[in-house]
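All remarks here apply to the structure that follows.
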Amino acid sequence: MIKLKKWAFFIFSLLQIIWLAGCTEKSYEPIERDRNFIASLNIQEPSLDFIDEDGNVFATWSFDKAYSGAILLGNDQILLYGHQLNNIDVYTLSTGEKRYSKKVEIGTTNVYYDDNIKQFFITNSKTNTVTSFDQKGDELVRQQLGNYPMSMASYKDKLYVINFKDTKLSVLNMKDLTIEQEWPIQKSAHGIAILEETHELWVGGHGEGSKPNSSVKKYDLTTGHLNGEIDMPLMPVGLKKTKDAVLVVSHGHNELYVADFDGHIKWHQEVGANPFVVNQFKDYIVVAGYDDHTLYFIKGDQKEKTVDVGKGAFQLLVREEQ
């Protein structure tokens, strides 16, 4: 009887250990609150590399989930998501610890955060919806959209959403997600930038089938009227507005183009292997090469340094303290 009790106690203790181990969330190397960085989300072997302005990788978070995207929520939180995952995960950068997970439907294509209203928006290709959330991850409003909503941007009280496998761009009221306008656009549009200076919205894209896209379209921000096109290399899909230019990467021809706000090309150069994304960090333009797993730091029109990162550099997140 005593042996039986000891055995039962042993089994109970073992189950407790297993249960506690299962409940322990993985944490990562903390990132100091005042540290500037550009982070590369790599999706072939999911990881996040944090890089300083000198080009040093000072921390790497390696994941056991197939994250396909990430977004900063303010300065000290990061949200991670995946198209085939049914959860989003939010981590606190300064502690490296998970703040919360939120169950979502499989099919997340993009997450966009608006710092003015402190809300984030999730587009989903399976349900063809966009959903708003507060910073705690509580769902607010859901709206049905076109086929495969993905690229998003906001201006004042409007949310602009490109429906990737459709021929329309949806303009929504950010508060209640009512659809206020739908603009005709080309199918397989991808990449979006808002230019307050010219009151325009620029859209890139892949093109479809035997007709790949080789231009960026300029739309009036209020009416959706097509103001013109800017000739670009094959498949200009990554757009980033800076204080005095628009940066465009075309992964069809491995090119970076820098245009002024009127659409005139200031300069261009070949960079990276299959780049999808470009961003600005300090005085550098940074391009991520998806196939060569390299970040290119460019100043002026000259490559100044390269940084090796994880496989499949797909997204660039920038934090700079003001």
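A few comments on the model shown:
- Pairwise centroid distance, computed over Cα atoms, of the range 219-278 with the range 112-147, Å: 26
- Database remark: amide H of LYS158 closer than 5 angstrom to the amide H of MET174 (H placed geometrically; neighbours at sequence offset of 5 or more, or on other chains; Pro and chain starts carry no H).
- Debye log10 I(q)/I(0) at q = 0.14, 0.22, 0.26 Å⁻¹ for the range 42-91, Cα point scatterers: -0.38, -0.85, -1.07
- The angle separating the long axis of helix 2-23 from the principal Cα axis of greatest extent in the chain is about 10 degrees.
- Measuring how big the chain is from its alpha-carbon positions, Rg and Dmax come out at 21.7, 88 Å.
- Only helical runs count toward this figure. For the chain, summing -39,500 (n - 2.57) over DSSP H runs of n ≥ 4 and dividing by all residues gives -2500 deg cm²/dmol at 222 nm.
- Amide H contacts for LEU140 (H built 1.01 Å from N in the peptide plane; partners 5 or more residues away or on another chain; cut-off under 5 Å): SER132, PHE133, ASP134.
- Panel values: the range 222-272, Kirkwood radius from alpha carbon pairs, Stokes-Einstein at 10 °C and 1.306 mPa s, translational diffusion coefficient 138 µm²/s.
- Förster radius 45 Å - calculated FRET efficiency between LYS266 and SER101 (Cβ-Cβ, nearest 0.05): 0.55
- Intensity falloff of the range 166-215 expressed as log10 I(q)/I(0), Debye formula with alpha-carbon point scatterers, at q = 0.13, 0.15, 0.28, 0.32 Å⁻¹: -0.38, -0.50, -1.11, -1.17
- The range 193-309: Cα Rg divided by the 2.2 N^0.38 Å rule of thumb: 1.04
- In the frame of its principal axes, the range 82-214 has Cα extents of 46, 33, 27 Å, reported largest first.
- Proximal lysines relative to LYS311, as straight alpha-carbon distance under 16 Å, when same-chain residues fewer than 8 apart are discounted: LYS65
Coordinate-derived values only; no laboratory data. Bear in mind that the values here come from a model prediction, so they are computed numbers and not experimental data. No Cβ is skipped: glycine too gets one built from the backbone with ideal geometry, and neighbour counts run over all protein chains shown.
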